[in-house]
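Can you keep this structure in mind? I'll have questions shortly.
Taken together, the values in this text are just the output of simple stated rules run on the coordinates, not laboratory data. Because the structure is a prediction, the values reported are computed rather than measured. Backbone-built Cβ (ideal geometry, glycine too); neighbour counts: all protein chains shown.
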Amino acid sequence: MSEVMTIRVDRKTKSRLEKLAKAMERTKSYVAAEAIRAYVDLNEWQITEIRAALKEADAGDFASEAEVQAVKGKWRRGAGQMA
């Protein structure tokens, strides 16, 4: 079940939203709701991961020097293959 929410956006953003909705053959409301949902999903995920990382750091759960070097070497090898 959806609920009504009123937001204010600048004129340029509103115009862009209208054009996008028209191109997608959707309503402005649908496009705005999807954008808000995606934003909330992403930020909830980031906050959850940051809190988990802080908890690990507070517990002293860090990668060892050997683990860091192994990952560093892996990235170097991968970067060389892309060239």
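Given the conditions (1) under 24 Å from the mean Cα position of the chain (by Cα); (2) in a loop (DSSP other than H, G, I, E, B); (3) surrounded by 10 or more Cβ atoms within 10 Å (Cβ to Cβ), which single one is not true for Phe62?
Every condition holds for Phe62 apart from (1).
Continuing with the same structure: Show the residue pairs that are 6+ apart or on different chains and have beta-carbon atoms under 6 Å apart, the first residue being within the range 34-53 and farther than 26 Å from Glu3 by Cα, the second being among the β-branched types (Val, Ile, Thr) and surrounded by 10 or more Cβ atoms within 10 Å (Cβ to Cβ).
Close Cβ pairs satisfying both conditions: none exist.
Going residue by residue through the range 2-16, is there one that turns out to be touching a helix residue (DSSP H, G or I) at 6+ places or on another chain (Cβ under 6 Å), of a type outside the set (Lys, Arg), surrounded by 10 or more Cβ atoms within 10 Å (Cβ to Cβ) and in a helix (DSSP H, G or I)? Let's see the steps before the verdict.
Residues of the range 2-16 touching a helix residue (DSSP H, G or I) at 6+ places or on another chain (Cβ under 6 Å): none.
Checked the range 2-16: no residue is touching a helix residue (DSSP H, G or I) at 6+ places or on another chain (Cβ under 6 Å), of a type outside the set (Lys, Arg), surrounded by 10 or more Cβ atoms within 10 Å (Cβ to Cβ) and in a helix (DSSP H, G or I).
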